[in-house]
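Notes follow the structure.
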Amino acid sequence: MVCYCPREVALPLQNLSDERLIADTKMWNEKEEYCTRQFLRHINEVNRRRLFCDDKTGSLFKYIRKNFNKSDSETSRRVLAAKTLRHIPCADKALANKQVTLTNLAEVSNLVGNIKSNKKKNEILESIKGKTQIQTRELVDDFTGKKRATRSKTHSHSNGTLRIHLSLVGQAAKDYHFIKE
């Protein structure tokens, strides 16, 4: 599949039939997924050649952020997913077949980076197929024996009040219920 999209294309989408719009949307989604996989491959080659050092950015993350206008979260997901593809080459096929997501590959990158056994890495890949991001995080937590702390979300209101959303897991949740009672 060739991934080419002219920079300025004004498509009269409102003139398309419902069927054509749905078909085109599916086609663009497939092209986007293909292009993302190619981008990950290129990230890995840039990393292998250490070309980000020539750019004086100092890291692959900063190189991608600076040169490809990606947000921090987009950059992070792609760098981590590319790292997983380096450690588990067959993960590329799983990504192409939509058995795993870019986000899930990013979630397991540090885990598989610390494992020497290819068999164990492939087992981890198999275990995340078809899983959501939360399920993948839980699998990683179970494998490492650690529970990650979740970030709190705060919202300041103009009247001076502060709304806090906090997710607690494991013993912290039990302690909260004990204190609350």
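The values are calculated or read from the model by the stated rules, or taken from the named source; none is laboratory data. Only a predicted model underlies this, so the values are computations on that prediction, with no experimental measurement involved. All Cβ positions, even for glycine, are placed from backbone atoms using ideal geometry, and neighbour counts span all protein chains on display. These area figures cover heavy atoms from the full protein model, side chains too; ligands, DNA and RNA do not enter into them. Shrake-Rupley method; radii C 1.70, N 1.55, O 1.52, S 1.80 Å.
Check the range 84-94 and report whether any residue there is open to solvent by 50 Å² or more (accessible area, probe 1.4 Å), at negative phi, within 16 Å of the chain's Cα centre (by Cα) and among the hydrophobic types (A, V, I, L, M, F, W, C).
No, that holds for no residue.
For the range 37-91, which positions are more than 15 Å from G113 (Cβ to Cβ) and not in a helix (DSSP H, G or I)?
Within the range 37-91, R50, D55, K56, T57, G58, S59, N69, K70, S71, C90 qualify.
Condition check ((1) open to solvent by 100 Å² or more (accessible area, probe 1.4 Å); (2) over 23 Å from N110 (Cα atoms); (3) at pLDDT 75 or above) across all residues:
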position	(1), (2), (3)
R148	no, no, no
H155	no, yes, no
N159	yes, yes, yes
G170	no, no, no
Y176	yes, yes, yes
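Name the residues in the range 23-36 that are open to solvent by 70 Å² or more (accessible area, probe 1.4 Å) and either in a loop (DSSP other than H, G, I, E, B) or among the charged types (D, E, K, R) (or both), would you?
Within the range 23-36, K26, E30, E32 qualify.
If L80 satisfies all but one of (1) at pLDDT 95 or above; (2) more than 25 Å from S127 (Cα to Cα), what's the number of the condition it fails?
The one condition L80 does not meet is (2).
Please verify whether K180 is on the phi < 0 side of the Ramachandran plot and at pLDDT below 70, treating the condition exactly as stated.
The answer is no for K180.
Can you confirm whether the range 56-63 contains a residue that is among the hydrophobic types (A, V, I, L, M, F, W, C) and surrounded by fewer than 13 Cβ atoms within 10 Å (Cβ to Cβ)?
Within the range 56-63, not a single residue is among the hydrophobic types (A, V, I, L, M, F, W, C) and surrounded by fewer than 13 Cβ atoms within 10 Å (Cβ to Cβ).
Kindly establish whether N104 is part of a helix (DSSP H, G or I) and open to solvent by 40 Å² or more (accessible area, probe 1.4 Å). It would help to see each step written out before you state the result.
Working: part of a helix (DSSP H, G or I): yes; open to solvent by 40 Å² or more (accessible area, probe 1.4 Å): no.
No: the conditions fail for N104.
Considering each residue of the range 1-58, count those that are within 28 Å of R86 (Cα to Cα), acidic (D, E) and at pLDDT below 95, and give that number.
The total comes to 5.
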